[in-house]
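Below: one structure, written as structure tokens.
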Amino acid sequence: MSADLPYTVRRSSRARRVRVSVDPRAGVEVVLPARAPARAAAAAVAELRPWIERRLLEADAVRAHLEARGDIVPYLGVRLRLVPQAGRSRVHRRGDELLVPAGPSRAEAIERWYRRAARGEIAPRTDRSAAAIGRAYRSLTIRGQRTRWGSCSSTGALSFNWRLLLAPEGVLDYVVWHEACHLAVMDHSPRFWALVERHVPGYREPRAWLRRHGATLVL
């Protein structure tokens with residue numbers, strides 16, 4: 001790899017430390033706290049260079065995966081074919097087809113559709129899981145985190161990544177159960193995993209799938 005490693009810098013008033021991320025489409029981004037010196041970006045890239053180079057190789061593999069996918073997008077194990085339509089602004093599913101805008105707004109419209117669909121898929125699963133565990137949750141949020149698939153706060157606020165809809169259905173079910181179990185056990189102790197296994201006896205398989213293929217869950 002070239003000695004020059006291109007990256008972009010973004011300042012954030014909410015950032016408390018320097019963060020480096022690698023995205024298959026956007027490349028390398030360094031997030032600096034508002035008052036951090038500009039040289040902190042170069043220092044972070046130099047320090048994390050081996051990790052960044054590994055992630056860039058993974059990003060190349062993800063891009064190849066996306067190119068091979070063509071006009072097909074996954075939806076909980078189902079393959080949906082994208083059908084561009086002139087004049088359309090909102091995505092609509094018709095069987096195994098996804099009717100999408102024909103213009104440059106297509107990608108954003110598809111993501112909005114997935115975010116809407118995510119709530120419809122995740123909310124009833126969360127209700128059933130929480131009821132089975134005997135715990136209530138305070139709120140449910142759908143997000144687009146880059147590195148987290150789900151979370152559960154100490155107050156019972158649950159959050160899930162809409163990109164889980166790009167995975168097989170069993171993977172989504174596992175993540176929902178995982179976070180629902182945190183309503184009863186907040187850590188990852190043996191007691192927590194015993195609770196997960198009680199409700200998802202084969203949880204190791206979807207967990208391993210997510211570790212291997214999570215980076216490919218992008219549009």
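The values are calculated or read from the model by the stated rules, or taken from the named source; none is laboratory data. Predicted model, so just to flag it, every value in this text is computed and none were measured. Don't worry about glycine lacking a Cβ; one is built from the backbone with ideal geometry, like all the others, and counts go over all protein chains shown. Keep in mind that these areas ignore ligands, DNA and RNA; they rest on the heavy atoms of the full protein, side chains included. Shrake-Rupley method; radii C 1.70, N 1.55, O 1.52, S 1.80 Å.
Miscellaneous remarks
- Taken over the stretch 178-194, residues that are surrounded by 15 or more Cβ atoms within 10 Å (Cβ to Cβ) and touching a strand residue (DSSP E or B) at 6+ places or on another chain (Cβ under 9 Å) amount to 6.
- The residue of the stretch 28-47 that is surrounded by the fewest Cβ atoms within 10 Å (Cβ to Cβ), among those that are closer than 21 Å to Arg146 by Cα and in contact with a Leu (Cβ under 8 Å, 6 or more places away or on another chain), is Val45.
- Residue in the stretch 127-135 that is touching a strand residue (DSSP E or B) at 6+ places or on another chain (Cβ under 8 Å) and at pLDDT 95 or above present: no
- Filter result for the condition that a residue is under 21 Å from the mean Cα position of the chain (by Cα), of a type in the set (A, V, I, L, M, F, W, C) and on the phi < 0 side of the Ramachandran plot, over Val100, Val83, Val31: Val31
- When each of Ala68, Ala59 is tested for being closer than 30 Å to Gly103 by Cα, surrounded by 14 or more Cβ atoms within 10 Å (Cβ to Cβ) and either at pLDDT below 85 or among the basic types (Lys, Arg) (or both), the lone residue that passes is Ala59.
- Selection status of Arg148, surrounded by fewer than 13 Cβ atoms within 10 Å (Cβ to Cβ), among the basic types (Lys, Arg) and farther than 28 Å from Asp23 by Cβ: no
- Scanning the stretch 157-168 for residues that are out of contact with any Asp or Glu (no Cβ under 9 Å at 6 or more places or on another chain) and either open to solvent by 10 Å² or more (accessible area, probe 1.4 Å) or outside any loop (DSSP other than H, G, I, E, B) (or both), we see that the one that is nearest to Ile72 (Cα to Cα) is Leu166.
- Of the numbered criteria (1) of a type in the set (Val, Ile, Thr); (2) outside any helix (DSSP H, G or I); (3) over 21 Å from Val62 (Cα atoms), the one Thr147 fails is (3).
- For the condition of a type in the set (D, E, K, R) and either under 28 Å from Arg79 (Cβ atoms) or in contact with a strand residue (DSSP E or B) (Cβ under 9 Å, 6 or more places away or on another chain) (or both), Arg119 qualifies.
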